[in-house]
Amino acid sequence: MAEEKADMPFRKLTRTISALALSACLLGCHGQRGASSDGFKQVLQHYYNRHPVCITLPVSLPATIDADGIEPLRPQLQALAHAGLIETGTEPGLRRHHKGNSSEARTIRYRVASGMAKFLHPGKDRFLGGSALCFARRKIVKVESFAAPTQMMGQTTAQVTYDYKLEALAPWVKDAAIEHAFPAIKSALARSSGTKTEAMDLTDQGWRLERALR
């Protein structure tokens with residue numbers, strides 16, 4: 001009898017801890033797996049905080065190009081240099097031979113300037129190369145609506161419609177040289193807010209953007 005009475009406080013404590021753990025689990029499961037506007041907004045914002053708005057440049061930096069002649073990327077590279085995103089330097093190149101005359105070709109070396117890697121960095125596809133030029137972040141203003149989750153091929157999916165706006169604009173986006181060389185950036189800034197619908201998939205870790213799972 002004495003042993004049973006001694007065990008009673010321990011049993012009560014165990015039941016209390018179990019009840020709290022169960023409540024936390026239920027709240028966590030609802031927060032991660034339940035379909036709600038606030039939950040979807042958090043997932044969307046978390047994704048876009050890690051994925052700024054960028055355009056792709058078909059060149060990997062550092063890069064060396066001929067200082068003379070036709071170079072399709074020259075206007076863009078010069079605009080980036082003008083805005084302070086990249087640094088340049090002239091280097092000797094291969095010798096040219098033409099009709100008995102010999103001359104040394106000059107090349108220009110382009111590299112990302114110090115402190116600018118957050119704006120200009122290697123593209124996500126390392127096999128194809130290229131660089132990502134990032135200039136803004138997407139802020140999720142409001143989740144307007146979402147369709148009831150549906151099952152398709154064993155996957156739970158929901159279509160979420162939300163309002164957004166661009167913020168944290170890079171300080172160089174209004175540079176005249178950038179606007180002229182990168183019309184895609186100018187066009188994106190002209191549509192600095194809007195409404196978009198995206199697919200969300202339910203995973204073991206909760207809801208995730210479908211594009212993030214590809």
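Does region 156-166 contain any residue that is outside any strand (DSSP E or B) and not acidic (D, E)? Scanning region 156-166, I find no residue that is outside any strand (DSSP E or B) and not acidic (D, E), so the answer is no. Against the definition (surrounded by 12 or more Cβ atoms within 10 Å (Cβ to Cβ) and touching a Pro at 6+ places or on another chain (Cβ under 8 Å)), how does A158 come out, yes or no? Taking the combined requirement at face value, the residue satisfies it.
In the set (1) at pLDDT 90 or above; (2) in contact with a Ser or Thr (Cβ under 7 Å, 6 or more places away or on another chain); (3) farther than 27 Å from T195 by Cβ; (4) of a type in the set (V, I, T), the condition left unmet by T107 is number (1). Of all residues in region 200-214, those being under 17 Å from the mean Cα position of the chain (by Cα) and of a type in the set (G, A, S) number 1. Filtered by the rule that a residue be without any contact (Cβ under 8 Å) to a residue 60 or more places away in the chain and part of a strand (DSSP E or B), region 203-214 gives a lone residue, T203. Pairing each residue of region 173-202 that is under 27 Å from Q159 (Cβ atoms) and in contact (Cβ under 8 Å) with a residue 40 or more places away in the chain with any residue that is part of a strand (DSSP E or B) and of a type in the set (D, E), provided the two are 6+ apart or on different chains, yields C-beta distances under 7 Å for T195/E144; T195/D163. Selection of first residues in region 39-60 that are within 15 Å of Q76 (Cα to Cα) and of second residues that are of a type in the set (S, T, N, Q), restricted to Cβ pairs under 7 Å at least 6 apart or on distinct chains, gives the following pairs, ordered by first then second residue: L57/Q76; L57/S131; V59/S131; S60/S131.
Restricted to region 138-148, and to residues that are of a type outside the set (F, W, Y) and surrounded by 18 or more Cβ atoms within 10 Å (Cβ to Cβ), which residue is nearest to the chain's Cα centre (by Cα)? By that ranking, first place goes to R138.
Among the residues of region 106-128, the one identified as surrounded by fewer than 14 Cβ atoms within 10 Å (Cβ to Cβ) and either among the aromatic types (F, W, Y) or touching a residue at least 60 places away in the same chain (Cβ under 8 Å) (or both) is F127.
Of all residues in region 177-191, exactly one satisfies the criterion of being under 11 Å from P75 (Cα atoms) and touching a Phe, Trp or Tyr at 6+ places or on another chain (Cβ under 7 Å), namely I178.
The values are calculated or read from the model by the stated rules, or taken from the named source; none is laboratory data. Small disclaimer: the values here were computed from a predicted structure and weren't measured. Every residue, glycine among them, receives a Cβ derived from its backbone with ideal geometry; neighbour counts consider all protein chains shown.
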